[in-house]
Amino acid sequence: MLVLDRPGCISLTCVLLKNWLGWKVGDLEATLRQSFVTAFFGICAVGCVSATTASPFEFSPTASPLHYDVNMSGDVIANTPMGRMTSETESDATLVLNIGEKLENGRSVTATFEELEVRAEGSLGGGTVNAEGILGKPFSGTLLETGQITITDSPQASGRLRHNLDPAALLTELLAPLPPGGATDMESWPVVSSVVSEAAVRLTSSFVGTARFAGDTVWNGVDARLIVVEGMLEIDGSGAPAGAPAEMNLLLEGESTRLYVWDMVRRVMLASLVTGEAEGSLSISGMDFQIPARFVSRQEVELRR
């Protein structure tokens, strides 16, 4: 992630103020609740069995669909003019992934949400968003050797889901970032990614880091290799939730650590854990002050056996 009574991650939420001088505290607080939930929900919202002749660090076409369970959570803390306000969101999804044969620019990929639910609570508001409109409908695109998924065809989300969340953005960084060309002897390699979420508030999450192998492990009885990625995270957003009197701009910067469990025989990602923490501020169009904000996120992905 999805669910949320007020618009707005990732999972993934924006704040808007009217006129600082002419506002009543009640009006100001109501707008803050509506806006923050939209923006930061979107943030949470801005992540294979075949032959073994290829490199063990190269994605394999699927002989049967891969079912991944995904759990995402995001906590927002904002120091507003009315005091400290918070929002805690958590979402659960089940994804079915099909990966095709190797093409010139990557591999064809199709992803389908079997389940998608997001819950939100806190002083910034909460509730649920109905995701039934996209369940069972395919998102199709290309899986690059870097592990990023580019969605080129997706079902149209409707109503509040479209306002709150861009489901395609949840798929972009779902899989492991593998070494260039499937190299097996690299000590480290660069990981650069950008995820754009097109909802009421347009959010861009940019990551620049370094990946490395971190030894072998056993995951649910399967021998696997660990991949660790560490780097810097930047979240940049702008827009106005429905009903908001002004546009907001958001800029957060911080760090992200990502751990992936890779099956070298089946050439499939078994699990991943991605955490991030970023701090920054919001600025509101027509206002001469900024609101300090902090965002903490966590995403766990696991392949069903």
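Every number here is computed from the coordinates shown, using simple stated rules; none is lab data. Source: prediction; values computed, not measured. When we count neighbours, we look across all protein chains shown, and the Cβ atoms used for this are built from the backbone with ideal geometry, even at glycine.
In this label model, SER285 and VAL218 are separated by 5.9 nm, measuring between points 7 Å along each Cα→Cβ vector. Cα-Cα pairs above 21 Å in the range 65-224: how many percent? Of all Cα-Cα pairs in the range 65-224, 57 percent lie more than 21 Å apart. This model, with +1 at the C-beta of Lys and Arg and -1 at the C-beta of Asp and Glu, gives the range 165-305 a dipole about its Cα centre of some 520 debye. Counted by neighbouring Cβ atoms within 10 Å, the residues PHE59, PHE213, PHE139 run from fewest to most as PHE213, PHE139, PHE59.
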